[in-house]
2 protein chains.
Amino acid sequence: MTLQKKIMLEDSELPKQWYNLTPDLPTPLNPPLGPDGKPITPEMLAPVFPMNLIEQEVSQQRWIDIPEPILEMLASYRPVPLVRAYGLEKALGTPAKIFYKNESISPVGSHKGNTAIAQAWYNKQFGIKRLTTETGAGQWGSALAYASALLGLECKVFMVRVSFDQKPYRKMMMNTWGATCVPSPSTETQTGRNILAEFPDTPGSLGIAISEAIEQAVTDPKGETRYSLGSVLNHVMIHQSIIGLETKKQLAKVGIKKPDVVVGCCGGGSNFAGISFPFMYDKVNGADIKIVGIEPFSCPTLTKAPFLYDHGDVARMTPLLPMYSLGHTFIPAPIHAGGLRYHGMAPLVSAALRDGLMEARAVHQSECFEAGLLFAKTEGIIPAPETTHAIAGAIKEANIAKEEGKEKVIVFNFTGHGLLDLVGYEKYMTGQLKDYEYPAEEIAKNLEVLKGYPLPV
Amino acid sequence: MTLQKKIMLEDSELPKQWYNLTPDLPTPLNPPLGPDGKPITPEMLAPVFPMNLIEQEVSQQRWIDIPEPILEMLASYRPVPLVRAYGLEKALGTPAKIFYKNESISPVGSHKGNTAIAQAWYNKQFGIKRLTTETGAGQWGSALAYASALLGLECKVFMVRVSFDQKPYRKMMMNTWGATCVPSPSTETQTGRNILAEFPDTPGSLGIAISEAIEQAVTDPKGETRYSLGSVLNHVMIHQSIIGLETKKQLAKVGIKKPDVVVGCCGGGSNFAGISFPFMYDKVNGADIKIVGIEPFSCPTLTKAPFLYDHGDVARMTPLLPMYSLGHTFIPAPIHAGGLRYHGMAPLVSAALRDGLMEARAVHQSECFEAGLLFAKTEGIIPAPETTHAIAGAIKEANIAKEEGKEKVIVFNFTGHGLLDLVGYEKYMTGQLKDYEYPAEEIAKNLEVLKGYPLPV
């Protein structure tokens with residue numbers, strides 16, 4: 001065969017260490033702050049997370065050994081192929097070589113399993129018996145249910161009520177893996193009961209669901225329950241670095257020393273960190289690589305928000321995190337890429353943007369679905385709505401390469417398939433999709449709630 | 001890492017030839033017969049299929065070169081991993097080594113893409129512009145839509161109305177790949193209009209949908225349309241042989257000369273042929289391999305039906321095929337494994353059973369969903385309802401190995417994931433599933449319609 005489409009790695013070639021960007025940041029990471037404005041201590045997080053993950057959260061170590069049992073579980077589906085998008089290249093008429101890292105072949109259909117497996121394993125090691133979490137569209141809840149099944153942990157997922165009602169398949173997935181999934185707000189927590197008493201018909205929100213999941217974890221009288229988060233936190237970014245580390249090995253296999261451009265979509269930041277941080281390591285060490293985060297215009301955290309201290313959730317249960325944020329009260333328009341509808345951004349990704357290691361671009365969902373359809377027809381895989389943002393970004397870069405007449409190497413993260421999110425395509429194809437954009441004044445107004453908050457320096 | 005979970009192959013290791021069981025059958029294959037009881041000629045099939053596929057259908061050649069462009073398209077997702085089911089083995093406490101061929105990672109989520117790509121390519125080579133087909137649950141229609149998109153062919157899918165209404169996601173998938181999907185019976189064909197006039201509320205059937213698809217192909221005044229079938233026919237079995245051929249290479253990589261047991265589920269026969277025929281080649285040449293086809297009790301073609309000549313469809317549009325058949329009027333109970341609800345069996349698989357190259361076993365869907373849940377919790381992937389039949393078969397063989405205390409090598413075909421078929425799991429978990437079994441008299445009675453048909457000798 002003349003063409004090589006996929007670059008594969010053997011199980012034995014799985015990276016043995018994760019990469020942590022923290023020590024390589026040009027400016028040190030600002031610490032998370034407690035309600036008193038002082039840096040929080042590991043002990044303060046102990047009721048929420050197991051200590052071994054808290055240690056990872058604050059780690060300054062560049063390379064972190066991946067425990068053998070985690071490697072073995074990851075090997076159920078990893079390494080995943082790096083695929084050359086010949087069909088897409090041809091359709092675009094670009095001289096660029098486009099590669100995508102196909103995270104969609106995992107049992108959960110997205111990259112979320114990479115950290116779910118790691119988090120479940122660390123919790124089990126620490127003696128934890130039960131995990132709680134929240135989920136919006138259901139990707140993360142499914143992934144944690146999957147990992148909990150593999151490790152024999154109980155798993156309880158609070159799913160935003162409107163998604164719970166609209167996406168029954170997601171609940172069934174979690175049930176099939178043995179997890180419990182309840183609509184949030186629920187009657188199982190004080191937070192939920194309070195909200196239901198006041199707003200019995202509320203559609204719920206991620207903020208409420210996070211509050212319920214944390215409450216249920218910290219109020220377990222036996223102390224056997226912890227909370228698990230699928231993005232934003234440093235340890236999640238560390239776990240996802242396996243994506244980019246595999247990609248580097250795969251590029252090396254076909255003689256490519258470095259890509260010219262790396263593209264990822266940005267919601268909470270975890271898949272973007274996964275594909276890009278290992279390349280930021282090269283960039284810090286002198287390599288010339290353009291790294292681009294793509295976000296929706298309807299939630300323009302990286303492109304229109306300031307860098308400041310804000311809560312990770314609407315209910316302000318989390319510490320203050322140093323990040324680009326639209327304000328914890330910001331409610332993004334209901335685009336189909338539910339995983340990108342987050343008011344803030346992982347502190348590590350935020351720091352990378354602040355320090356010039358990456359750039360960011362916002363796109364409309366119509367452009368993304370158009371890109372997704374082109375991808376489905378040329379490469380065959382139907383992308384998740386989140387993933388279409390990365391594709392739109394890669395197409396833009398391929399068109400720039402075409403204008404410049406340069407044979408650039410473009411790599412993007414294909415985070416997941418869209419087989420459970422086809423309604424967005426249906427609406428796009430039948431002309432029912434709206435694009436959303438926020439004027440600067442509206443964003444500024446929403447940020448007023450943060451007046452008086454400490455500022456990262 | 002001490003364990004090797006996946007055995008991978010590079011793109012360059014893709015098999016370059018398909019395997020055709022026909023010349024290796026102990027008894028020659030009986031020919032398909034026309035309405036007059038005489039063997040049909042290739043010319044008679046020409047309005048339905050392109051001549052290059054008809055030549056493959058009647059080929060006596062053992063090894064058939066895979067055209068390079070087909071290899072390149074297959075390389076989008078093939079070779080697929082052969083995975084060692086350590087988690088399942090442990091749960092069963094078996095000394096057996098269980099391997100599964102993971103066909104679920106293809107863009108369509110099942111093995112159906114393997115022949116869809118080949119058929120679409122041969123049609124395009126022959127100058128065909130449009131393909132028609134039928135689909136029940138939607139797997140095959142999706143696969144042909146996918147392949148047609150890659151090749152720039154139009155694709156029209158007649159989907160059994162009850163599934164069309166119940167499974168809107170399948171239609172959206174096909175639309176996303178640019179195909180048209182209409183509920184059958186439709187008003188677009190004479191067959192459909194006649195049936196709707198008589199039974200306006202009919203839920204439809206595969207037989208009706210096949211008739212509509214064939215009618216639309218053969219009545220194209222420009223002659224640019226052909227019909228495509230996802231199973232049963234010899235050329236489909238040939239295309240699927242790539243599954244078993246890859247598996248043999250992968251077993252050889254870890255030093256396994258031959259498996260002791262090969263298991264596949266049986267509907268029309270294509271995935272079963274795919275995994276097992278290359279091993280039947282070894283069996284014909286002296287190897288001791290147990291090959292087991294698993295079918296549902298609710299459609300016991302291999303275990304309770306006679307070997308005879310019957311039509312492939314309810315409307316009797318197809319030639320008479322030599323096969324095990326419950327009679328073309330047989331309507332299997334509505335189990336969730338829609339892909340296994342077929343009254344007949346591929347002539348090549350039927351011949352293999354008749355000639356003792358394989359054995360068959362029927363299972364109840366409750367046993368299958370139990371096996372599927374165990375698999376989801378131990379190996380992580382949620383299987384399609386069809387696939388759970390193969391898992392139930394493999395578990396049975398693993399338990400036999402346990403009783404015998406033998407370290408047998410068991411290989412089964414993991415045909416597809418169940419992410420779009422979760423309702424079956426939900427019903428099983430909530431105690432709403434029924435098992436079905438047909439008494440011999442009922443089967444005999446249904447076969448009366450075949451009185452006077454010629455018999456294969």
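The values are calculated or read from the model by the stated rules, or taken from the named source; none is laboratory data. Since this is a predicted model, take the numbers as computed values, not measurements. For neighbour counting, all protein chains shown are included, and Cβ atoms are generated from backbone atoms with ideal geometry for every residue, glycine included. The accessibility values were calculated without ligands, DNA or RNA, using every heavy atom of the protein model including side chains. Shrake-Rupley method; radii C 1.70, N 1.55, O 1.52, S 1.80 Å.
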message = Condition (residue is open to solvent by less than 30 Å² (accessible area, probe 1.4 Å), more than 24 Å from the chain's Cα centre (by Cα) and of a type outside the set (K, R)) applied to the stretch A:429-448: is it met by at least one residue?
response = no
note = The lone condition B:S366 fails out of (1) more than 19 Å from the chain's Cα centre (by Cα); (2) within 21 Å of B:V261 (Cβ to Cβ) is (2)
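Take A:G393 and decide whether it is part of a helix (DSSP H, G or I) and either surrounded by fewer than 22 Cβ atoms within 10 Å (Cβ to Cβ) or out of contact with any strand residue (DSSP E or B) (no Cβ under 7 Å at 6 or more places or on another chain) (or both). Don't jump to the end; show me each part of the working.
On the way: part of a helix (DSSP H, G or I): yes; either surrounded by fewer than 22 Cβ atoms within 10 Å (Cβ to Cβ) or out of contact with any strand residue (DSSP E or B) (no Cβ under 7 Å at 6 or more places or on another chain) (or both): no.
Here the answer is no, as A:G393 does not meet what is asked.
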inquiry  = So for the stretch A:186-195 (the condition being among the hydroxyl-bearing types (S, T, Y) and closer than 21 Å to A:G109 by Cβ), does at least one residue qualify?
reply    = no
ask   = Which one is farthest from A:M429 (Cα to Cα) among residues in the stretch B:136-182 that are β-branched (V, I, T) and either at pLDDT 95 or above or out of contact with any helix residue (DSSP H, G or I) (no Cβ under 6 Å at 6 or more places or on another chain) (or both)?
value = B:V162
message = Just to verify a result, which residue in the stretch A:165-195, among those that are of a type in the set (D, E, K, R) and surrounded by fewer than 19 Cβ atoms within 10 Å (Cβ to Cβ), is farthest from the chain's Cα centre (by Cα)?
response = A:R193
ask   = What number of residues in the stretch B:274-288 are in contact with a strand residue (DSSP E or B) (Cβ under 8 Å, 6 or more places away or on another chain) and either buried (at least 24 other Cβ atoms within 10 Å of the Cβ) or not hydroxyl-bearing (S, T, Y) (or both)?
value = 8
key: Search result, residues across the stretch A:10-37 that are within 14 Å of chain B (Cβ to nearest Cβ) and within 24 Å of the chain's Cα centre (by Cα)   = A:L14, A:P15, A:K16, A:Q17
task = Scan the stretch B:6-38 for residues that are open to solvent by 30 Å² or more (accessible area, probe 1.4 Å) and in contact with a strand residue (DSSP E or B) (Cβ under 6 Å, 6 or more places away or on another chain) and report the count.
result = 3
task = Please state which one of B:T191, B:T247, B:T187 is part of a loop (DSSP other than H, G, I, E, B), of a type in the set (S, T, N, Q) and over 25 Å from A:L422 (Cα atoms).
result = B:T187
query = Applying the selection to the stretch A:109-133, what residues are in contact with a strand residue (DSSP E or B) (Cβ under 6 Å, 6 or more places away or on another chain) and either modelled with pLDDT under 95 or within 13 Å of chain B (Cβ to nearest Cβ) (or both)?
reply = A:G109, A:S110
message = So, in the stretch A:324-381, how many residues would count as being closer than 23 Å to A:Q432 by Cα, open to solvent by less than 10 Å² (accessible area, probe 1.4 Å) and of a type in the set (V, I, T)?
response = 1
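Can you tell me which residues in the stretch B:194-213 are touching a residue at least 40 places away in the same chain (Cβ under 8 Å) and not in a helix (DSSP H, G or I)? Talk me through it step by step, then tell me what you get.
Keep residues of the stretch B:194-213 that are touching a residue at least 40 places away in the same chain (Cβ under 8 Å), which gives B:202-213.
Passing the criteria: B:T202, B:P203, B:G204, B:S205.
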remark   = Selection from the stretch A:214-244 of residues over 25 Å from A:G274 (Cβ atoms) and assigned to a strand (DSSP E or B) yields A:T225
message = Quick test for you: out of B:I54, B:I7, B:I40, pick the one residue that is among the β-branched types (V, I, T) and within 14 Å of chain A (Cβ to nearest Cβ).
response = B:I7
task = Could you please find all residues in the stretch B:120-157 being touching an Asp or Glu at 6+ places or on another chain (Cβ under 8 Å) and among the acidic types (D, E)?
result = B:E134
ask   = Could you give every pair whose Cβ atoms fall below 8 Å, whose first residue belongs to the stretch A:9-31 and is outside any strand (DSSP E or B), and whose second residue is of a type in the set (F, W, Y), counting only separations of at least 6 or pairs across chains?
value = A:N20/A:W63; A:L21/A:F277; A:L21/A:Y281; A:D24/A:Y281; A:N30/A:Y309
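For A:N399, state whether it is touching a His at 6+ places or on another chain (Cβ under 9 Å), modelled with pLDDT of 95 or more and either assigned to a helix (DSSP H, G or I) or away from chain B (no Cβ under 14 Å) (or both). Show your work before the answer.
Working: touching a His at 6+ places or on another chain (Cβ under 9 Å): no; modelled with pLDDT of 95 or more: yes; either assigned to a helix (DSSP H, G or I) or away from chain B (no Cβ under 14 Å) (or both): yes.
No, not satisfied.
Scanning the stretch B:416-426 for residues that are in a helix (DSSP H, G or I) and within 24 Å of the chain's Cα centre (by Cα), which turns out farthest from the other protein chains (Cβ to nearest Cβ)?
B:G424
Matching residues to (1) in contact (Cβ under 8 Å) with a residue 12 or more places away in the chain; (2) facing chain A (nearest Cβ under 10 Å); (3) not hydrophobic (A, V, I, L, M, F, W, C):
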{"position": "B:E154", "(1), (2), (3)": "yes, no, yes"}
{"position": "B:R161", "(1), (2), (3)": "yes, no, yes"}
{"position": "B:M173", "(1), (2), (3)": "yes, yes, no"}
{"position": "B:V182", "(1), (2), (3)": "yes, no, no"}
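Matching residues to (1) within 15 Å of B:A96 (Cβ to Cβ); (2) touching a residue at least 24 places away in the same chain (Cβ under 8 Å); (3) within 14 Å of chain A (Cβ to nearest Cβ); (4) touching a strand residue (DSSP E or B) at 6+ places or on another chain (Cβ under 7 Å):
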{"site": "B:A384", "(1), (2), (3), (4)": "no, yes, yes, yes"}
{"site": "B:F414", "(1), (2), (3), (4)": "no, yes, yes, yes"}
{"site": "B:Y428", "(1), (2), (3), (4)": "no, yes, yes, no"}
{"site": "B:Q432", "(1), (2), (3), (4)": "no, no, yes, no"}
{"site": "B:E442", "(1), (2), (3), (4)": "no, no, no, no"}
query = Can we say B:G264 is open to solvent by less than 30 Å² (accessible area, probe 1.4 Å), farther than 21 Å from B:E134 by Cα and at pLDDT 95 or above?
reply = yes
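Restricting attention to the stretch A:57-71, which residues are open to solvent by less than 40 Å² (accessible area, probe 1.4 Å) and either in contact with a His (Cβ under 7 Å, 6 or more places away or on another chain) or within 9 Å of chain B (Cβ to nearest Cβ) (or both)? If you could, list the steps in order and put the result at the bottom.
Let us first name the residues in the stretch A:57-71 that are open to solvent by less than 40 Å² (accessible area, probe 1.4 Å), namely A:57, A:59, A:64, A:66-67, A:70-71.
Hits for the stretch A:57-71 are A:E57, A:L71.
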